[in-house]
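Enquirer: Please find one structure pasted underneath; my questions will follow.
All of the numbers you see were taken from the coordinates with simple rules; none came from a lab. Keep in mind that what you see is a predicted model, and the values were worked out from it rather than measured. Glycine also receives a Cβ, built like all others from the backbone with ideal geometry; neighbour counts cover every protein chain displayed.
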Amino acid sequence: MFKTIRGPQGGEINLDGRDVVNMASNNYLGFANDPALVKAAKDAIDEYGVSAGAARHIIGNFLVHNELEKKLAEFKEVEDTCVFSSGLTANTGAIPMIVGKGDEVFSDELNHASIIDGIRLSRAAVRVYRHKDMADLERLLQEPAEGERLIVTDAVFSMDGDLAPIPEIVALGKKYDARVMIDDAHGDGVMGRSGRGTVDHFGVRDGVYVETGSLSKAFGSSGGFVAGPKELIDKIRVQSRSFIFTATPMQPVFAAAALKAIEMLMEDDAPVRKLWDNREYFMGKMSTLGYDLGHTETPVVPVMVGDEALAKEMSEMLYNEGIFAQAIVYPTVAKGKARLRVMISAAHTKKDLDKAVAAFAKVGKEAGVL
Ligand SMILES: Cc1ncc(COP(=O)(O)O)c(C=O)c1O
């Protein structure tokens, strides 16, 4: 059912016994197999062992968790952070701490599933606005309301690579007295100064109440986090269900690897620059082929195909050419919007990218898409 990788996650991988260029991973900065992160993880296992053993508030709170949360707060320029075992549980745990029954959440129609689940768990009413459509959001905000209001959006939409109009959302939040929450799972480590994220990229930190993120993508580790005001983070630590009721929180080994990733980015933004250099190089060449590349503004590049069966077939054809790009189909994207999703990484060499473009040119012609 799933293809199997042997060896580490990198620009190239061994997939089902074949060496291919890896264009499907969230490993934006190549940190998943970075020697410094691997060493930090090994050192952490020597120091702490392999399991946290219990929930943080029982007896699973290790020094490295505290160090990571402090460093993350410094990096994201917020009062405090709290780490979770995944980005998914960060969203499902955070949203019910901000809104509840009688409140309202305004949510972009393409928001990640974990945001949708977090809203459901909060029992607040949900108002879904059309993707990035600020007139539609304003129309919904104009309707009278009594409780708290929260606007929530992905910063980088993970299937399309486009950006939420965060400055406009912040302005509407101010105008209609709604807090703003940003999920920057695909923007952290990618956007902003030294990868500080999309809120930093737009320079609107003061207008955003809270951010959630993942440590499993650009940061090359595993886990998630909530970053925001101390008052909210304190509440999450004692009340958030997905934080408290997991006997195994983010493991110390992953905290150590994530901490190393953030320290490295704060010291030198070269991996972020390399990622963007690769992204521009790839886009420059791909855009001459004639594919529909959607509205991407980031290293997530959708190659639109439309038909589901054809997208899957093209993914196999690319694999036979030594390139792995995953076909993304319904229900992850709407019916008729199937695509091959290309994820650019700092781990790619120019040779990898050239090989990918040549394969896309060949396969596109053979499949009758070009
Ligand atoms: C926008 C968004 N939020 C949250 C998550 C969940 O993060 P994690 O993989 O750390 O659970 C993802 C993962 O794909 C995502 O794309």
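Enquirer: Out of Asp206, Asp184, Asp162, report the one residue that is in contact (Cβ under 8 Å) with a residue 40 or more places away in the chain and either under 20 Å from Gln142 (Cα atoms) or not hydroxyl-bearing (Ser, Thr, Tyr) (or both).
Expert: On inspection, the qualifying residue turns out to be Asp162.
Enquirer: I've got another one for you. Do any helices (runs of 4 or more DSSP H) entirely within region 172-253 hold 1 or more residues that are among the β-branched types (Val, Ile, Thr) and at positive phi, and if so, which? Please lay out each step first, then the result.
Expert: Working: elements: 198-202, 230-239, 241-244.
Per the criteria, no element qualifies.
Enquirer: Restricted to region 98-135, and to residues that are within 18 Å of Phe245 (Cβ to Cβ) and crowded, with 21+ Cβ neighbours inside 10 Å, which residue is farthest from the chain's Cα centre (by Cα)?
Expert: Taking the candidates together, the pick is Ser122.
Enquirer: Report yes if some residue within region 146-156 is assigned to a loop (DSSP other than H, G, I, E, B) and free of Cβ contacts under 8 Å to residues at least 40 places away in the same chain; otherwise report no.
Expert: No, that holds for no residue.
Enquirer: Looking only at region 312-361, which residues are of a type in the set (Asp, Glu) and touching a strand residue (DSSP E or B) at 6+ places or on another chain (Cβ under 7 Å)?
Expert: Asp352
Enquirer: State whether one or more residues within region 89-101 are more than 16 Å from the ligand (Cβ to nearest atom), in contact with a strand residue (DSSP E or B) (Cβ under 7 Å, 6 or more places away or on another chain) and not in a helix (DSSP H, G or I).
Expert: Yes; the residues of region 89-101 include at least one that is more than 16 Å from the ligand (Cβ to nearest atom), in contact with a strand residue (DSSP E or B) (Cβ under 7 Å, 6 or more places away or on another chain) and not in a helix (DSSP H, G or I).
Enquirer: Please indicate, with yes or no, whether at least one residue in region 251-262 is touching a strand residue (DSSP E or B) at 6+ places or on another chain (Cβ under 6 Å) and of a type in the set (A, V, I, L, M).
Expert: No, region 251-262 contains no residue that is touching a strand residue (DSSP E or B) at 6+ places or on another chain (Cβ under 6 Å) and of a type in the set (A, V, I, L, M).
Enquirer: Scanning for something of a type outside the set (Ser, Thr, Tyr), part of a loop (DSSP other than H, G, I, E, B) and touching a residue at least 12 places away in the same chain (Cβ under 8 Å), does region 116-124 turn up at least one residue?
Expert: Of the residues in region 116-124, the ones of a type outside the set (Ser, Thr, Tyr) are 116-121, 123-124.
Now drop any that are not part of a loop (DSSP other than H, G, I, E, B), which leaves 123-124.
Filter once more, keeping what is touching a residue at least 12 places away in the same chain (Cβ under 8 Å): 123-124.
There is at least one residue in region 116-124 that is of a type outside the set (Ser, Thr, Tyr), part of a loop (DSSP other than H, G, I, E, B) and touching a residue at least 12 places away in the same chain (Cβ under 8 Å).
Enquirer: Then there's this: With respect to Lys76, is the statement that it is surrounded by fewer than 22 Cβ atoms within 10 Å (Cβ to Cβ), among the basic types (Lys, Arg) and farther than 30 Å from Glu316 by Cβ true?
Expert: No: the conditions fail for Lys76.
Enquirer: May I pose another question? Could you say whether any residue in region 50-68 is among the aromatic types (Phe, Trp, Tyr), away from the ligand (no atom under 14 Å from the Cβ) and crowded, with 19+ Cβ neighbours inside 10 Å?
Expert: Yes.
Enquirer: In region 33-92, which residues are of a type in the set (Val, Ile, Thr), over 21 Å from the mean Cα position of the chain (by Cα) and over 17 Å from Ser221 (Cβ atoms)? Walk me through how you get there before you give the answer.
Expert: Keep residues of region 33-92 that are of a type in the set (Val, Ile, Thr), which gives 38, 45, 50, 58-59, 64, 78, 81, 83, 89, 92.
The next check asks that each one be over 21 Å from the mean Cα position of the chain (by Cα); those that pass are 38, 45, 50, 58-59, 64.
Passing the criteria: Ile58, Ile59.
Enquirer: Also: Identify the residue in region 198-217 that is away from the ligand (no atom under 12 Å from the Cβ) and under 18 Å from Ile115 (Cβ atoms) and, among all such residues, is surrounded by the most Cβ atoms within 10 Å (Cβ to Cβ).
Expert: Val199
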